[in-house]
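The values are calculated or read from the model by the stated rules, or taken from the named source; none is laboratory data. Every value quoted in this text rests on a predicted model; they were computed, and no experiment measured them. Don't worry about glycine lacking a Cβ; one is built from the backbone with ideal geometry, like all the others, and counts go over all protein chains shown. For accessibility, only protein heavy atoms count, side chains too; no ligands or nucleic acids. Shrake-Rupley method; radii C 1.70, N 1.55, O 1.52, S 1.80 Å.
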2 protein chains.
Amino acid sequence: MNEKVINNAWLEKAQRLMPELHQQKVYPEHIVSAVPDASAFQGWRIEPLGLAEQLSDQVLCKGDSVTLDFGEHLVGYLTLSLLNERSNADAPLRLKLTFGEMPCEVGEDFAEYSGWLSRSWLQDEIVNMDVLPGTLTLDRRYAFRYLKIEVVETSIRYDIRINDIYCMTVTSADIGAVPQLPEDIDTELLEIDRVSVKTLRDCMQMVFEDGPKRDRRLWIGDLRLQALVNYETFGCNDLVKRCLYLFAGTRLEGGQVGACLYEQPEPYVDDIYLYDYALFFIATLWDYFEATKDRETLEELWPVAREQIEIGLKRLDERGIVRDDDTWYCFLDWHEELNKQAGAQAVLIYSMKRGRSIAKELELPESEQWINAHIKDAEQAAHTYLWDGEKGFFVSGEKRQVSWASQVWMVLAEIMDAPASRQLLDRLMSNEEAIGMTTPYMVHHYVDALIMCGEEEKALEQIRRYWGGMLKDGADTFWELYDPDDKTYSPYGSNLVNSYCHAWSCTPSYFIRRNFS
Amino acid sequence: MNEKVINNAWLEKAQRLMPELHQQKVYPEHIVSAVPDASAFQGWRIEPLGLAEQLSDQVLCKGDSVTLDFGEHLVGYLTLSLLNERSNADAPLRLKLTFGEMPCEVGEDFAEYSGWLSRSWLQDEIVNMDVLPGTLTLDRRYAFRYLKIEVVETSIRYDIRINDIYCMTVTSADIGAVPQLPEDIDTELLEIDRVSVKTLRDCMQMVFEDGPKRDRRLWIGDLRLQALVNYETFGCNDLVKRCLYLFAGTRLEGGQVGACLYEQPEPYVDDIYLYDYALFFIATLWDYFEATKDRETLEELWPVAREQIEIGLKRLDERGIVRDDDTWYCFLDWHEELNKQAGAQAVLIYSMKRGRSIAKELELPESEQWINAHIKDAEQAAHTYLWDGEKGFFVSGEKRQVSWASQVWMVLAEIMDAPASRQLLDRLMSNEEAIGMTTPYMVHHYVDALIMCGEEEKALEQIRRYWGGMLKDGADTFWELYDPDDKTYSPYGSNLVNSYCHAWSCTPSYFIRRNFS
């Protein structure tokens, strides 16, 4: 078995930085029905049937069901107060509760779920209540806007009435801390910013979670982007610090930073190592320092950052190029056919450049020079072996694949000057064969690349097109996955299990607040 | 709506008498399988597969299931400690747990349940666990010996192992208080007594429940018999007192003692009034006084007892006979065709005689004389209108039905001398057309009647035949229903919902300890 690298002092430091959770009681707004509608997003439309206040007048018999719309995406704990009607509850009550972030989740039958991620991510419960009138607070946390309540069993003597129902939401984000945007900003951007902030808020719990429905875990790819948005909004910088110490405190064999962490029952790193994700520890640490000037943390965690460069360099072949293979060694994006080699090479260069900044800040000239030499080699190798002058693109893998991910990351790695980068991205726009982008995570990097080479207008256009598109399709919080051309897209075999409040999708606020306001 | 009669002082007194629950940790004994077997009781046999200690070596994958035998009937709370295997639990775990008092409950599919009592009485749960390794204690109390655990969902990355599993049993009975039986008693009676005591113990919770699986309520018909066994065994007499004050403290319109009470969310009487059950308040009070000599309680609750006589007498017609009808006005036994008139008349007389004893004890000559006059009238009316000299039986209802219930209750009401009673019961034995008995509750009264008229040997024979029969059919605790000639008998349309630990079936200990040891 792999020998994990544990630093208990760092884990204890992380645990001392545990945030307080802010709570808020939220009541449902409407009684609704999820109606199949081919013209609606994913084929489901929500039809209002009445105000939620009318709920307590409604007698529910065995076989009845009611769907509630809480008006916004929530993360929290459900409490239900129920009354028996007609006569005493002479047998337990059995309810089925189905929580949905999206209409499809309360519309479709989970029994027909056929994705390859566990069906247990779908949020439904069978609950039995022995005593009525009674109040039930469910133990588990749910992420939802819609709740379907089905009365599975009563008895021949009684029916029920829902006397009270609410969600106690939880977040470690401090809503009051978010700076107001200037008044002259347009409504669409205001709305995109609002939903971005809400997305981040719902993902901010005891750690920066990737998604509060799924996976509810701390992934470093998400963390890096969440931290950037957080610096511009909530400023909960200690939560970033906590997450950095968690990643540093529990690592994989050989000191690799893991791709994700579990917080419970106690913090531990998952077995997944991803080439790009491990390297992102460096950028996340540097970004944190830039935002906070917390030099003590920078110094303490620098050895972990430097080690990630050493580990990353070990994967270079004799040409100085990242060794490619068929396994899930690097993430970049959820595209099945995407070859990761060129993107990985670019992420290595991108990360070494952040590492060099840290070394410089900490006045470690030897490290700085050592990194600098490797940057030059890696850039040179990329130009020599990955650049296809004929095609005018960076190519990846044996089959010399051209993809958006490869070009975007080469731009972010700044291995060309800005005009060359602009031209590369321009060419990409008109190349129909390049492997496209499938996640907001990848689109974020595209927008970032556009800004990096001075194409601010195009960047804003992309934000309006992509995140504005989600808004038009009904997003309360931004989604893990969104393909404007295939709205039921899921890399998991079912869009029911997609996360519809997903951290890596919250970055428009970062751009809007830094570049567009 | 009915206006209930509440006496808060009495309810408070009852609440001050709340018992302490004794807890005990019980671990499973065997891994087993429920196997269909036409020759076994109700068609299911339990086959041992291994020792429960081997459970923690067993890796359970999605789709696997394991059935555990805890070795005895339990009432309590389940705790499960689970480990993830192979890799981390990267998705919630979903289990189905099915608790069974009997093999049929873990053998048959609840989806096919077709009884008319709510399916919610069947004890199964779907539970989701977000964190592994983890420990889960279920909120609800279960009554079971067998537990089937089905692994409904894991993920492609992990399996599970059951690290620890136990039931924390609860009872308000004090096991240490039960007097030892003399050493010369035979093994069968010892075993019948042991199982009777165990049955009562498992039903003794915050009140005397009828059955810890179903209905988990305080019924006065059960209470009366439980109290009798309790005086001979646990001696938890304050629990009887508590139940008397509960019945007195929350009554139906006009002061009727209800047939049953709910203890939660706060004590309240159910809407059900049964002629015989209301009258049993008197016998239960008198028995309590005889066992405890608690004159204060006898005095305080006497007005309620006297009122039940007044209420009972109101149902007499101009002949002095209980008015018959088709509704569920009197219980006696679970036989669908049983006419209740003659039995009700007998229960009235039986109860008035206990009321007369109380009046005498409390030196209330007016009450005593008043009751005495009514006893004479009711007995006279029974002899005149319900006795069929030709048939040699008491008859009931317009159709002049002959039943065991009518004869047994007339014997218990002592409206004949002992020789006449003996002859009546003898004749009954050889009458094949009389409506028979279906519950241990009715068989208890038959045994009691035999003893009352001096037929102790026959009484013992009945105990060995009936409760001994249950033992041979595998009873750990005695059952709500047992028909030796129809072993899947249920008045509820499915034997899955029968209670297999039922208070009214625990009375052999009363007879064994009073009459046969």
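Please report Rg over Rh for the range A:54-93, where both radii come from the alpha carbon positions and Rh follows the Kirkwood definition. Walk me through the intermediate numbers first.
Values: Rg = 13.0 Å, Rh = 12.9 Å.
Over the Cα atoms of the range A:54-93, Rg/Rh equals 1.01.
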4 °C / 1.567 mPa s Stokes-Einstein diffusion coefficient of the protein assembly as shown, Kirkwood radius on C-alpha pairs, µm²/s: 39
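How large, in percent, is the carbon and sulfur part of the accessible surface of the range B:136-201 at a probe radius of 1.4 Å?
Reported share for carbon and sulfur atoms: 48 percent.
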Axis-proximal residue, chain B, for the rotation superposing B on A (Cβ, Å): B:Ile126, 2
Long-range amide H partners of B:Val32 with built H, under 5 Å: B:Leu49, B:Thr67, B:Leu68, B:Asp69
Two-decimal log10 I(q)/I(0) for chain A, as the Debye equation yields it once each C-alpha is a single scatterer, q = 0.13 Å⁻¹: -1.28
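Relative contact order for the range B:300-451 using alpha-carbon pairs under 8 Å, separation at least 6, rounded to a whole percent? Don't jump to the answer; show the numbers that get you there.
Working: 167 pairs, mean separation 38.9, N = 152.
Relative contact order of the range B:300-451: 26 percent.
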Residue-averaged [θ]222 nm for chain A, counting only DSSP H segments that reach four residues, each worth -39500 (n - 2.57): -12000 deg cm²/dmol
Rel. contact order, % - alpha carbon contacts under 8 angstrom, at least six apart, the range A:84-187: 45
Peptide A:89-96 - average C-beta neighbours from other chains (10 Å radius): 5
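State, as an integer percentage, the relative contact order of chain A based on alpha-carbon contacts under 8 Å between residues 6 or more apart. Please report the intermediate quantities before stating the final value.
On the way: 1031 pairs, mean separation 89.2, N = 517.
The value is 17 percent.
What ranking do B:246-257, B:419-430 get when scored by the average of other Cβ atoms within 10 Å per residue, highest first? Let's see the in-between values first.
On the way: B:246-257: 22.0, B:419-430: 15.5.
So the order, starting with the most tightly packed, is B:246-257, B:419-430.
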Per-residue ³J(HN,Hα) for the range B:78-91, Karplus 6.51 cos²θ - 1.76 cosθ + 1.60, θ = phi - 60°, Hz, x for Gly and Pro: 8, 10, 10, 10, 10, 10, 8, 10, 6, 8, 6, 7, 8, 8
Pseudo-label separations to other copies for A:Asn237 - Cα-to-Cβ vector, 7 Å, nm: 7.5
Shielding of A:119-128 by partner chains, average beta-carbon count, 10 Å: 6
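Of all accessible surface on the range A:242-315 at a 1.4 Å probe, what whole percent is carbon and sulfur?
Working: 940 of 2150 Å².
Here carbon and sulfur together make up 44 percent of the probe-accessible area.
Does the range B:246-318 classify as rounded, prolate or oblate by the C-alpha gyration tensor (a ≥ b ≥ c root eigenvalues; a/c under 1.5 gives rounded; else a/b over b/c gives prolate, otherwise oblate)? Show your work: numbers first, answer last.
Values: a/c = 2.04, a/b = 1.08, b/c = 1.89.
Verdict is oblate for the range B:246-318.
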Simple label model, 7 Å out from Cα along Cβ direction - B:Arg86 to B:Glu398, nm: 6.9
Stretchable slack from B:Asp57 to B:Asn515, in nm (0.36 nm times residue separation minus alpha-carbon distance): 159.8 nm
Using a 7 Å Cα-to-Cβ projection, B:Asp174 label spacings across copies, nm, ascending: 5.8
Mean projected area (nm²) of the alpha-carbon convex hull when the range A:62-126 is viewed from all directions: 6.0
Label zone at B:Glu266 (point 7 Å along Cα-to-Cβ), backbone N below 15 Å, the range B:12-31: B:12-16
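Mind checking the dipole of the protein assembly as shown: about its Cα centre, +1 per Lys or Arg Cβ, -1 per Asp or Glu Cβ, Debye to the nearest 20? Mind showing how you got there, number by number?
Details: 104 positive and 174 negative charges, 198 e Å.
The calculation lands at about 960 debye.
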Amide hydrogen neighbours beyond the local backbone of B:Ser494, cut-off 5 Å, H modeled: B:Trp116
Buried accessible area, chains A and B (both chains, 1.4 Å probe, Å² to nearest 100): 3000
Drop in accessible area of at least 20 Å² in the complex versus isolated chain, residues of the range B:141-182, 1.4 Å probe: B:Glu153, B:Ile156, B:Arg157
nm² value of the averaged projected area, convex hull over the Cα atoms of the range B:22-171: 9.3
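For the pairs A:Lys25/B:Lys4; A:Lys4/A:Lys360; A:Lys4/A:Lys198; A:Lys4/B:Lys96; A:Lys340/A:Lys458; A:Lys293/A:Lys340, note any where the Cα-Cα span goes beyond 32 Å. It would help to have the intermediate numbers written out before the result.
Details: A:Lys25/B:Lys4 37 Å; A:Lys4/A:Lys360 30 Å; A:Lys4/A:Lys198 35 Å; A:Lys4/B:Lys96 34 Å; A:Lys340/A:Lys458 26 Å; A:Lys293/A:Lys340 34 Å.
Over 32 Å Cα-Cα: A:Lys25/B:Lys4; A:Lys4/A:Lys198; A:Lys4/B:Lys96; A:Lys293/A:Lys340.
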Vicinal HN-Hα couplings computed from phi for the range B:179-193 (Karplus, 6.51 cos²θ - 1.76 cosθ + 1.60; Hz; Gly/Pro x): x, 5, 7, x, 6, 8, 6, 7, 4, 5, 5, 4, 5, 4, 5
Distance (nanometres) between label positions extended 7 Å along Cα→Cβ at A:Asn431 and B:Ala111: 5.2
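Based on the mean of other beta carbon atoms within 10 Å per residue, what is the order of A:125-138, B:462-475, A:68-81, most packed first? Could the numbers behind the result be given before it?
Working: A:125-138: 17.2, B:462-475: 18.7, A:68-81: 20.8.
Answer by packing, highest mean first, reads A:68-81, B:462-475, A:125-138.
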Shielded by partner chains, the range A:232-280 residues - at least 20 Å² of accessible area, 1.4 Å probe, vs chain alone: A:Tyr262, A:Gln264, A:Pro265, A:Tyr268, A:Asp270, A:Asp271
Label distances, nm, B:Glu296 versus same residue in remaining copies, Cβ-directed 7 Å point: 6.6
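Please work out the average accessible area per residue across chain B, using the 1.4 Å probe convention, and give it in Å². It would help to have the intermediate numbers written out before the result.
Working: 19580 Å² over 517 residues.
Spelled out: the 1.4 Å probe surface of chain B, per residue, equals 38 Å².
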Computed label-point distance, nm, for sites B:Asp326 and B:Gln180 using a 7 Å Cα→Cβ extension: 5.9
In sequence order, calculated HN-Hα J values of the range A:255-263 (Karplus, 6.51, -1.76, 1.60; Hz; x Gly/Pro): x, 4, 6, x, 6, 8, 10, 9, 8
